[in-house]
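Comments concern the structure below.
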Amino acid sequence: MLAGMLRSWVALILAAVALASATEPAAAQFRGGPAGFLDRLFGIERPPPQDLYPVPPEELGRRRGPGMQRPPRQSNDQAPPVRKKRPAAPAEPIYPALEVQPKNPDARKVLVVGDFVGSGLAWGLDQAFAEEPRLVVIDRSDGSSGFVRDDYLDWASRITELLDSEKPDIVVVEMGANDRQQIKTAEGRLSPGSDEWRKAYQQRVERFLLALKVYGKPVYWVGAPPLRSSDASADMAELNQLFKARADAVGAHFIDVWDGFADESGKFIARGPDVDGQMRNLRLGDGINFSKAGKRKLAFFVERDIRQSSGLGLPMSSITPTNPNAATEIGPDGKERKVGPVVSLTEPDPGAASAKLVGAANEAGPGPAADSLQYKLTVRGQAPAPQPGRVDDFAWKPPHAEDDGAATSSSSIVDGIVILPAPTAAVPTLAPSVQ
């Protein structure tokens with residue numbers, strides 16, 4: 001009997017639960033709340049109801065209380081501010097490269113030999129003579145070569161082959177950047193900088209120059225430039241001393257370009273004026289290679305000598321400036337005047353040679369000659385003599401002072417009017433007072 005009563009109670013409870021679930025709204029079944037029969041029977045409290053609708057992405061992170069509706073988006077809502085990007089540094093303008101014009105069949109040949117610096121020099125010369133049909137540049141440099149690794153390329157033998165095959169009218173040499181390494185001989189390895197190394201290296205340079213001397217054409221040996229590493233620059237300066245001494249011995253022309261790529265103290269610079277006087281990056285980030293502007297400037301120092309030796313350059317008067325962008329104009333008096341950009345007081349003139357090399361050991365670098373404009377201006381403080389009609393000509397010479405004689409010696413003539421000097425007032429003499 002008891003079991004029957006329990007079954008009746010269970011059935012009644014289940015029926016009540018089913019009836020409550022059927023009559024409770026669907027939202028209450030999922031959202032919870034105290035509306036359920038079992039909640040009231042057993043005293044269970046459920047968490048506050050949540051919104052059935054998904055939260056849009058723009059509302060994420062916002063906390064809403066019970067019963068709060070999502071606020072409608074107003075039409076005057078502003079979009080989040082856009083962060084302004086910091087303006088990038090202005091990029092350096094691309095160096096303009098000229099298109100090399102076709103050359104004449106009988107054009108004079110300029111043969112360039114050397115290492116990777118010589119390759120850049122050849123490119124610069126090709127640009128320098130891009131519009132000159134009577135000169136052609138032949139690049140026979142090898143970027144990995146030098147006088148040390150004759151097992152890779154023996155320049156003393158290679159130059160003889162090139163002279164026979166190319167038959168150049170002018171030879172330009174640029175070497176040394178790869179030679180800061182050991183020399184392998186049958187007796188062993190020679191350390192760079194040792195006396196044995198210098199002797200073996202000098203013998204290879206002399207063999208190379210001997211072949212050029214026998215050939216009998218003009219030879220221009222371009223000195224090695226400074227490098228970013230101070231030790232490497234010191235080695236390049238020492239090699240320049242050797243190159244200059246051996247080149248002078250056989251009648252070759254040594255061209256020192258050190259100052260064109262160094263500061264006033266002879267140290268390496270990566271940025272400086274190009275051939276147009278514009279500040280540009282002359283060297284690449286490795287502190288060894290050259291940019292296009294640097295290659296063109298490297299060629300600038302030998303360009304004038306090549307034009308002169310070939311006889312194809314423009315006629316140069318006694319005051320024609322060496323800067324390619326300067327010009328010579330004829331004034332009203334029929335005389336020539338120099339007009340052009342500011343010329344550096346520290347860089348050498350193209351083709352200029354000196355007894356001492358810039359960057360040489362224990363040397364601060366050769367100063368300007370005692371009779372040069374730079375020396376007179378910077379050392380003695382003597383300004384150049386003014387030229388008639390120039391801005392620094394402060395002379396006021398009467399147009400007909402020679403004809404007036406002594407009559408106008410103390411006067412001035414302006415537009416035909418004689419201006420007499422102001423009379424000097426006499427100083428009155430005070431009589432002694434009588435007491």
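Observations, loosely collected:
- Flag for Pro218 being touching a residue at least 60 places away in the same chain (Cβ under 8 Å), within 26 Å of Glu303 (Cα to Cα) and assigned by TED's automatic domain parsing to the domain that holds Ser291: yes
- Residues that are without any contact (Cβ under 8 Å) to a residue 40 or more places away in the chain and either out of contact with any strand residue (DSSP E or B) (no Cβ under 8 Å at 6 or more places or on another chain) or outside any loop (DSSP other than H, G, I, E, B) (or both), drawn from region 98-121: Leu98, Glu99, Val100, Gln101, Pro102, Asn104, Pro105, Asp106, Ser119
- Residue check for Ile159: within 22 Å of His253 (Cα to Cα) and in a strand (DSSP E or B): no
- Looking only at region 164-199, and only at residues there that are among the small types (Gly, Ala, Ser) and more than 27 Å from Leu111 (Cα to Cα), the one that is surrounded by the fewest Cβ atoms within 10 Å (Cβ to Cβ): Ala186
- When Gly266, Gly272 are checked against the criterion of being in contact (Cβ under 8 Å) with a residue 40 or more places away in the chain and under 20 Å from the mean Cα position of the chain (by Cα), Gly266 stands alone in meeting it.
The values are calculated or read from the model by the stated rules, or taken from the named source; none is laboratory data. Here the structure is a predicted model, which is why all the values come from computation and not from measurement. Note that each Cβ is placed from the backbone with ideal geometry, even for glycine, and that neighbours are counted across all protein chains shown.
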